[in-house]
Every structure is written in C-alpha cells, then in structure tokens.
Amino acid sequence: MSGWLWAAAGAAVLALVLFRRPLGVLCRLAVRSGLGLVFLWLFQSMGPLVGVHLGVNLLNGLVLGLLGAPGFALLLMAQWASS
C-alpha cells in the first residue's frame, strides 16, 4: 500500500511541476476576479448617486479580473447601451 502512496505523491508533484504556469495564471485570475467583485460591491452603494447600476455577479467579476479598468468601462457602456 505504501508503494501506491509514493506513486500518487510522485504523480501529484509531477503534475504541479508540469502545470505550474497554468495554475499560476488561474490563481492570479481568481484573485483579480475576487478583487473585481469587491470593487463592484463597493460601487453598488455609490452607483445610484450617479445613475448607474452594475450587478455583483461572477461574469462582471471575471470581466473586471481579465480586463481591469477597461473592463469597467466596457461594463458601463454595456449598461448604458441596454437602457
């Protein structure tokens, strides 16, 4: 049984070494999207003052995570175009 345990541990280490860069990109995207969701949540309280309402959802968070400030402008333009 310990032979299987060592093989599984070796396979896990090999997978982490091989997929280090894609996992790093996914982790970075997750952190940036989380920060985008926090920004949307903070903007939600200020939005009615300027007449803009952006939903706090995963899609908007991913747009902000991928594109940053231009993504925020894109979300604002999409909201403006739909109203």
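Nothing in this text is a laboratory measurement; each read-out follows from the coordinates by a stated rule. These numbers were taken from a predicted model, which means no experiment stands behind them. Please note: Cβ atoms are built from the backbone with ideal geometry, for glycine as well, and neighbour counts cover all protein chains shown.
A few comments on the model shown:
- Calculated mean residue ellipticity at 222 nm for the chain: -29500 deg cm²/dmol, from DSSP H runs with n ≥ 4 weighted as -39500 (n - 2.57), summed, divided by the residue count and rounded to 500.
- Full-extension gain in nm, VAL50 to VAL13, via 0.36 nm per residue minus C-alpha separation: 8.2 nm
- Rounded to 10°, Cα long-axis angle of helix 58-67 versus longest principal axis of the chain: 90
- Nearest-0.05 FRET efficiency for ARG20 and TRP80, computed from C-beta distance (R0 35 Å): 0.25
- Every Cα-Cα pair of the range 19-79 was included, and the share exceeding 16 Å stands at 43 percent.
- Using θ = phi - 60° in the Karplus curve 6.51 cos²θ - 1.76 cosθ + 1.60, the 3J(HN,Hα) couplings for the range 46-55 round to 9, x, x, 5, 9, x, 10, 10, 10, x Hz; x is entered for Gly and Pro.
- GNM result for the chain, Cα springs below 10 Å: residue of LEU18, LEU42, LEU59 fluctuating most strongly: LEU18
- Between LEU49, LEU35, LEU66, the residue with the greatest mean-square fluctuation in the GNM of the chain (Cα pairs under 10 Å linked by springs) is LEU49.
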